[in-house]
1. How much mean residue ellipticity at 222 nm does the chain get from its helices, if each DSSP H run of length 4 or more adds -39500 (n - 2.57) and you divide by all residues, to the nearest 500 deg cm²/dmol?
2. Give me the one-decimal Kirkwood hydrodynamic radius in Å for region 1-74, with the sum taken over alpha-carbon pairs.
3. Sequence gap at least 6, Cα distance under 8 Å: using those rules, report the relative contact order of the chain to the nearest whole percent.
4. Using a cut-off of 15 Å between beta-carbons, work out the net charge of the residues near Y154 (Lys and Arg +1, Asp and Glu -1, Y154 not included).
5. Give, as a single signed number, the net charge of other residues whose beta carbon lies under 15 Å from the beta carbon of L176, with Lys and Arg counted +1 and Asp and Glu -1.
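Values quoted throughout were computed directly from the atomic coordinates according to the rules given, and no laboratory measurement underlies them. Small disclaimer: the values here were computed from a predicted structure and weren't measured. Here the Cβ positions follow ideal geometry from the backbone for every residue, glycine too, while neighbour counts run over all protein chains shown.
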Amino acid sequence: MIPQRQLGVTLVELMIVIAIATILMAIGVPSYRYVTKSNRVSGEINALLGDLTFARYEAVKEGLPVEVCPAAATATTCTASTTWSSGWIVLSNAAATGGTAVVLRRQLPFSNFNSTDTLTTVTAQSVTFNREGFATAGAIVNFSLHDATDTSSYTRCLVVNVAGELATGLSGQTILTATCT
């Protein structure tokens, strides 16, 4: 009688496969962390870009000024701050609505998304677009978004110039004549 051959893998073959999988995981996991953190930071700066674009569009469409500013605790009024990590609001012109500004959009604080990122500007406490779509801040507004570790490879910037142009970029890049830091 001819002995039947056993089908399957040996212990040595199994150990080799496990070793290869471990090596691939050791290489892949750190790069996965970079991708997830980089995507989170990009998503946060793109949320601000979207709301600023919306504000500019609304100002041109309605023919009235529209303001974007850091939100106070009530999330219906502005706070006099250059830190925007607590969220922001898009407000219609208060004078055109009988002295009461209408909140058109509201962004939640980053802490609601399990993020410890910080979004700041050097001088701007708000950005207002006039009926022609120009930013009335008087100068270029440079937003900088830093992660908790302040790693430059994760830093993103958003620049608004007086013509109302909006652009984003990475740390070290020149965006609309401003340098992302």
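1. On the way: 1 runs with 52 residues, N = 181.
After summing the helix terms and dividing by residue count, I get -11000 deg cm²/dmol.
2. Working: mean 1/r = 0.0545 Å⁻¹.
This gives a value of 18.4 Å.
3. On the way: 325 pairs, mean separation 31.0, N = 181.
It rounds to 17 percent for the chain.
4. Values: positive: R33, K37, R40, R156; negative: E44, D117, D147, D150.
Once all neighbours under 15 Å are counted, the net charge is 0.
5. Summing Lys/Arg as +1 and Asp/Glu as -1 gives +1.
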